[in-house]
Amino acid sequence: MTVETSSHILFYDGVCGLCNRLVQFVLRRDRRGQFQFAPLQGDAATQTLGHFGKNADDLDTMYVLADGQLLQKARAILFVLRRLGPPWSLVSVFGLLPTAVLDWFYDRVAKNRYRMFGKSETCRLPSAEQKGRFLS
């Protein structure tokens with residue numbers, strides 16, 4: 001797995017409707033191409049997250065590998081939105097809240113995401129122009 005040092009990797013549940021919507025949201029707004037994407041169900045996630053002592057089978061957690069640091073759950077989402085710039089970066093004000101509070105809200109959504117946003121049988125395949133931004 002080769003990743004440019006200037007890019008960040010967003011690890012997401014590839015069969016989750018909400019997670020796939022988030023990936024599409026980021027793809028449309030990440031004009032600088034600073035994010036790559038890897039489904040938790042892939043080898044890149046298993047290897048990378050294992051290096052940090054995390055289990056890619058924990059599909060309730062979104063991760064972002066940023067500058068050698070692994071962010072998870074709400075902190076990962078806030079990092080992504082901050083990097084997308086205004087107006088999305090304005091939500092970074094929530095970063096002032098304790099991680100436990102942020103993750104409590106994150107966990108409520110994660111627990112109900114399949115029911116609320118659906119679940120696919122397989123991971124979504126990227127378009128030809130997006131393919132280079134996805135790791136397997």
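Every number here is computed from the coordinates shown, using simple stated rules; none is lab data. Model, not experiment: these values are computed from the prediction. Methodologically, a virtual Cβ is constructed for each residue, glycine included, from the backbone with ideal geometry; neighbour enumeration extends over all protein chains shown.
Among the helices (runs of 4 or more DSSP H) confined wholly to region 19-135, which include 3 or more residues that are over 15 Å from Ser7 (Cα atoms) and of a type in the set (Val, Ile, Thr)? Reasoning before the result, please.
On the way: elements: 43-51, 73-84, 99-117.
Correct list: 99-117.
Identify all residues within region 105-136 that are farther than 14 Å from Asn20 by Cα, of a type in the set (Gly, Ala, Ser) and in contact (Cβ under 8 Å) with a residue 40 or more places away in the chain; write none if there are none.
The one that is farther than 14 Å from Asn20 by Cα, of a type in the set (Gly, Ala, Ser) and in contact (Cβ under 8 Å) with a residue 40 or more places away in the chain: Ser136.
Which ones in region 46-72 are free of Cβ contacts under 8 Å to residues at least 40 places away in the same chain and either buried (at least 21 other Cβ atoms within 10 Å of the Cβ) or within 18 Å of Leu125 (Cα to Cα) (or both)?
Applying the first criterion (free of Cβ contacts under 8 Å to residues at least 40 places away in the same chain) to region 46-72 yields 46, 49-55, 57-58, 68-72.
Hit for region 46-72 is Leu49, nothing else.
Can you tell me which of (1) in contact (Cβ under 8 Å) with a residue 12 or more places away in the chain; (2) over 14 Å from the mean Cα position of the chain (by Cα) is the one Leu96 doesn't meet?
(1)
Which of (1) touching a strand residue (DSSP E or B) at 6+ places or on another chain (Cβ under 9 Å); (2) under 18 Å from Ser120 (Cβ atoms) is the odd one out, the single condition Gln41 does not satisfy?
In the conditions (1) touching a strand residue (DSSP E or B) at 6+ places or on another chain (Cβ under 9 Å); (2) under 18 Å from Ser120 (Cβ atoms), Gln41 misses (1) alone.
Take the residues in region 73-102 that are among the charged types (D, E, K, R) and farther than 17 Å from Leu49 by Cβ, then tell me which one is surrounded by the fewest Cβ atoms within 10 Å (Cβ to Cβ).
Arg82
Report whether or not Arg133 is more than 16 Å from the chain's Cα centre (by Cα) and basic (Lys, Arg).
Details: more than 16 Å from the chain's Cα centre (by Cα): no; basic (Lys, Arg): yes.
When the stated conditions are applied, Arg133 does not pass them.
Being under 13 Å from Gln72 (Cα atoms), of a type outside the set (D, E, K, R) and either touching a Ser or Thr at 6+ places or on another chain (Cβ under 6 Å) or in contact (Cβ under 8 Å) with a residue 12 or more places away in the chain (or both): is that true of Phe11 here? Give the steps one after another, and end with the answer.
On the way: under 13 Å from Gln72 (Cα atoms): yes; of a type outside the set (D, E, K, R): yes; either touching a Ser or Thr at 6+ places or on another chain (Cβ under 6 Å) or in contact (Cβ under 8 Å) with a residue 12 or more places away in the chain (or both): yes.
Here the answer is yes, as Phe11 does meet what is asked.
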